[in-house]
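Working notes, structure below.
The values are calculated or read from the model by the stated rules, or taken from the named source; none is laboratory data. This structure is a prediction, so every number in the text was calculated from the model and none was measured. Because the Cβ atoms are built from the backbone with ideal geometry, glycine has one as well, and the counts that use them run over all protein chains shown. Only protein heavy atoms, including side chains, enter the accessible area calculation; ligands, DNA and RNA are left aside. Shrake-Rupley method; radii C 1.70, N 1.55, O 1.52, S 1.80 Å.
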Amino acid sequence: MQSLDAEALFRTLVEQMRPHVSPDTALVGIHTGGVWLAARLHQALGLSRPPGSIDVSFYRDDFASKGLHPQPKRTDIPFPVEGADVIIVDDVLYTGRTTRAAINELFDFGRPARVDLAVLVDRGDRELPIAPRWCALTLPDPLPASQSLQLESGAAGELTLRLIDA
């Protein structure tokens with residue numbers, strides 16, 4: 001697989017989303033990479049509602065088999081979800097289970113008018129019928145299960161993607 005330029009992918013995602021959002025659109029990033037992306041998207045798109053963050057640790061359907069993430073983060077939804085247009089933001093879409101868990105948790109805060117999904121990379125091999133409305137890159141061939149893409153954020157907020165062999 002070629003090297004992926006996360007900053008170029010971010011710019012692509014911004015341009016895809018720009019015509020479809022309003023200042024009242026709400027973003028909710030999934031910890032951790034999605035939170036970084038949501039913060040950057042919020043600024044680049046000039047949105048008025050503060051971005052939220054969500055940790056799906058307690059909502060995963062594989063919680064019983066995998067156990068709790070060793071360092072769960074705090075979910076913070078700083079806007080009223082009821083009736084809002086919400087975009088869930090994640091760095092890499094894989095099986096769809098994390099997105100499903102995020103939707104389940106989001107609905108605990110209210111019933112949004114609409115929920116969409118924006119991701120930086122779709123790595124393929126979905127297990128659930130989940131698809132992003134906006135995606136900067138869909139890999140032509142799914143990554144093997146033994147590999148993962150990890151988004152990293154530098155001190156100045158610059159994004160990089162790293163391919164990791166498990």
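Quick notes
- At a probe radius of 1.4 angstrom, the accessible area of the range 1-45 per residue rounds to 47 square angstrom.
- Shown is the FRET efficiency for Leu163 and Ser48, computed with R0 = 35 Å from the Cβ-Cβ distance and rounded to the nearest 0.05: 0.45.
- Of all accessible heavy-atom area on the chain, the percent that carbon and sulfur account for (1.4 Å): 51 percent
- Cα centroids of the range 86-107 and the range 3-54: 14 Å apart.
- Close amide H partners of Ile87, meaning residues 5 or more places away or on another chain with modelled amide H under 5 Å apart, are Ala26, Leu27, Val28, Asp116.
- Each eigenvalue of the Cα gyration tensor of the chain, multiplied by 5 and square-rooted, gives one semi-axis; in descending order these are 23, 20, 15 Å.
- Stokes-Einstein diffusion for the range 7-61, with the hydrodynamic radius set to the Kirkwood value over Cα pairs and evaluated at 25 °C in a medium of 0.890 mPa s, equals 209 µm²/s.
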